[in-house]
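The values are calculated or read from the model by the stated rules, or taken from the named source; none is laboratory data. All figures in this text were calculated on a predicted structure; none of them were measured in a lab. We place every Cβ from the backbone using ideal geometry, glycine too, and count neighbours over all the protein chains shown.
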Ligand code: NIG
Ligand code: FE
């Protein structure tokens, strides 16, 4: 007798490939591992999948009503701690003012920094909780979440602590203190980098507040050399790197990720086929963020097909943040990954599950439906997995099982 049995699915996407613990790439980039049968769950873990699970007696049965069953989404790039939105800037941008111009005027990231610093702990925690609740409703069961709107010792630590709140959602934290230079260091950007490397990272590491550090390598943010310095300093404190790379201009971020042994390079609109080869060789996962590409109406696109052709693994994430990607929806992001970046639905789904888990460093626990893994499982109200990306703008997720508990 198991705790929970999910049965009567039209398709079970296991995303499983026995013995493989590397991200899926190349020929496997669209391998969903579709099976018939059921999913049996006991003690928060998967105990049987497919034909093996059929007929298991269970305390509770979830009828999938001929829907698609798949692992919970792993959203491996979010900025989930902020307070208040920036709808005013959205309107300006719709009228033709660029994202870079808004940032130069003191808007953008720095506007959100001002709001976060002014928010009380109660307000900030309530905002994060709202975000976490919504992630679960949309079928996201694990996220990577970055600080980066604090930009001082006090507010970066406060942000990371808020992200660490007790909640059913699993959260892997990243310190993005090197997001941009805050107003008070306007005349002394080097001084800010000193603060990040010499005070913020050590404090974050001491309190165990993050697993990763991240740098925004971009005009108006940090240079390649700044980024290298920050990522090496983070590494010295046990924080492995991630890079906001080659998003709005070509700045070498992807190559920097390779050089410092970062786990991911993210965005990559200006990356090349050669970068994809270098990333494959260095074992860097490409994290593609089509919602930000859409929101900024960018005409440049990451070389997704070249990445697949050259076996560079791809993850797909929302980039949830109040500026360039105010969405938490992985289903919407799947649609955008197909339409804007030319991924197949299967490739996008791999990127949103098992490869997302690899990109968050937790593929031993989540990202696929395999015996022994955490029971994070979705039942969706569609019959064919391609419909998950096809019907866009609404939520196809009917049930969410998180660590074996039916939460929706
Ligand atoms: O990933 N690129 C830098 N940071 C975010 C945007 C942050 C913001 O606009 O608030 C991003 O797109
Ligand atoms: Fe981002």
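Name the single residue, out of those in the stretch 290-302 being surrounded by fewer than 24 Cβ atoms within 10 Å (Cβ to Cβ) and not in a helix (DSSP H, G or I), that is nearest to ligand 2 (Cβ to nearest atom). If you could, list the steps in order and put the result at the bottom.
Residues of the stretch 290-302 surrounded by fewer than 24 Cβ atoms within 10 Å (Cβ to Cβ): 294-301.
Within this subset, residues satisfying the condition of being not in a helix (DSSP H, G or I) are 296-301.
On the way: 296: 12, 297: 17, 298: 14, 299: 19, 300: 16, 301: 17 Å.
Going through the qualifying residues, I end up with 296.
Considering the stretch 341-355 alone, what residues qualify as being more than 16 Å from ligand 1 (Cβ to nearest atom) and not in a loop (DSSP other than H, G, I, E, B)?
Of the stretch 341-355, the ones more than 16 Å from ligand 1 (Cβ to nearest atom) are 342-355.
Answer for the stretch 341-355, where residues must be more than 16 Å from ligand 1 (Cβ to nearest atom) and not in a loop (DSSP other than H, G, I, E, B): 345, 346, 347, 348, 349, 350, 351, 352, 354, 355.
Taking residue 319, is it under 18 Å from the mean Cα position of the chain (by Cα), buried (at least 24 other Cβ atoms within 10 Å of the Cβ) and in a loop (DSSP other than H, G, I, E, B)?
Details: under 18 Å from the mean Cα position of the chain (by Cα): yes; buried (at least 24 other Cβ atoms within 10 Å of the Cβ): yes; in a loop (DSSP other than H, G, I, E, B): yes.
Yes, satisfied.
Out of (1) in contact (Cβ under 8 Å) with a residue 40 or more places away in the chain; (2) surrounded by fewer than 16 Cβ atoms within 10 Å (Cβ to Cβ); (3) more than 16 Å from ligand 2 (Cβ to nearest atom), the odd one out for residue 88 is which?
(1)
Say whether the condition of being more than 28 Å from residue 352 (Cα to Cα) and within 14 Å of ligand 2 (Cβ to nearest atom) is met by at least one residue in the stretch 222-245.
Checked the stretch 222-245: at least one residue is more than 28 Å from residue 352 (Cα to Cα) and within 14 Å of ligand 2 (Cβ to nearest atom).
Just need a number here: residues in the stretch 42-84 that are more than 16 Å from ligand 2 (Cβ to nearest atom) and over 17 Å from residue 378 (Cα atoms).
Matching residues across the stretch 42-84 total 11.
Does residue 210 fit the bill of being away from ligand 1 (no atom under 15 Å from the Cβ), more than 25 Å from residue 81 (Cβ to Cβ) and surrounded by 24 or more Cβ atoms within 10 Å (Cβ to Cβ)? Steps first, answer last, please.
Details: away from ligand 1 (no atom under 15 Å from the Cβ): yes; more than 25 Å from residue 81 (Cβ to Cβ): no; surrounded by 24 or more Cβ atoms within 10 Å (Cβ to Cβ): yes.
So residue 210 fails the test.
Kindly provide the set of residues from the stretch 322-340 that are part of a helix (DSSP H, G or I) and either more than 16 Å from ligand 2 (Cβ to nearest atom) or surrounded by fewer than 24 Cβ atoms within 10 Å (Cβ to Cβ) (or both), ordered by number. I'd like the intermediate steps shown before the answer.
Here is the first cut: in the stretch 322-340, the ones part of a helix (DSSP H, G or I) are 330-340.
Listed by number, the residues that qualify are 331, 332, 334, 335, 338, 339, 340.
Which of the following residues is touching a helix residue (DSSP H, G or I) at 6+ places or on another chain (Cβ under 8 Å) and closer than 19 Å to residue 406 by Cα: 32, 5? Walk me through it before giving the result.
Values: 32 fails: closer than 19 Å to residue 406 by Cα.
One residue alone meets the criteria, 5.
What are the pairs, 6+ residues apart or on separate chains, where a residue within the stretch 169-190 that is crowded, with 17+ Cβ neighbours inside 10 Å has its Cβ under 6 Å from a residue that is assigned to a loop (DSSP other than H, G, I, E, B) and modelled with pLDDT under 95?
Cβ pairs passing all conditions: none.
Go through (1) within 12 Å of ligand 1 (Cβ to nearest atom); (2) surrounded by 21 or more Cβ atoms within 10 Å (Cβ to Cβ); (3) assigned to a loop (DSSP other than H, G, I, E, B) and name the single condition residue 113 misses.
Answer for residue 113: the failing condition is (3).
Would you pick out the residues in the stretch 272-294 that are without any contact (Cβ under 8 Å) to a residue 60 or more places away in the chain and within 19 Å of the chain's Cα centre (by Cα)? Outline the logic, then answer.
Residues of the stretch 272-294 that are without any contact (Cβ under 8 Å) to a residue 60 or more places away in the chain, as a first pass: 272-279, 281-284, 286, 290-294.
Correct list: 279, 283, 284, 286, 290, 291, 292, 293, 294.
Please go through the stretch 261-289 and give me each residue that is within 13 Å of ligand 1 (Cβ to nearest atom) and part of a strand (DSSP E or B), ordered by number. Lay out the reasoning, then the answer.
Applying the first criterion (within 13 Å of ligand 1 (Cβ to nearest atom)) to the stretch 261-289 yields 264-270, 287-289.
Those that are within 13 Å of ligand 1 (Cβ to nearest atom) and part of a strand (DSSP E or B): 264, 265, 266, 267, 287, 288.
Of (1) out of contact with any helix residue (DSSP H, G or I) (no Cβ under 7 Å at 6 or more places or on another chain); (2) without any contact (Cβ under 8 Å) to a residue 60 or more places away in the chain; (3) farther than 29 Å from residue 362 by Cα, residue 58 satisfies all except one. Which?
(3)
Scan the stretch 179-197 and tell me whether some residue there is under 15 Å from residue 81 (Cα atoms) and either within 16 Å of ligand 1 (Cβ to nearest atom) or touching a helix residue (DSSP H, G or I) at 6+ places or on another chain (Cβ under 7 Å) (or both). Working first, answer last.
So in the stretch 179-197, the residues under 15 Å from residue 81 (Cα atoms) come out as 179.
So of that shortlist, the ones also either within 16 Å of ligand 1 (Cβ to nearest atom) or touching a helix residue (DSSP H, G or I) at 6+ places or on another chain (Cβ under 7 Å) (or both) come out as 179.
Within the stretch 179-197, one or more residues are under 15 Å from residue 81 (Cα atoms) and either within 16 Å of ligand 1 (Cβ to nearest atom) or touching a helix residue (DSSP H, G or I) at 6+ places or on another chain (Cβ under 7 Å) (or both).
I'm trying to understand the selection: among the residues of the stretch 221-260, which are away from ligand 1 (no atom under 14 Å from the Cβ), more than 20 Å from residue 199 (Cα to Cα) and assigned to a helix (DSSP H, G or I)?
Across the stretch 221-260, the qualifying residues are 224, 254, 255, 256, 257, 258, 259, 260.
Does residue 262 meet the test of being under 19 Å from the mean Cα position of the chain (by Cα) and either over 19 Å from residue 76 (Cβ atoms) or buried (at least 21 other Cβ atoms within 10 Å of the Cβ) (or both)?
Yes; evaluated as a whole, the condition is true for this residue.
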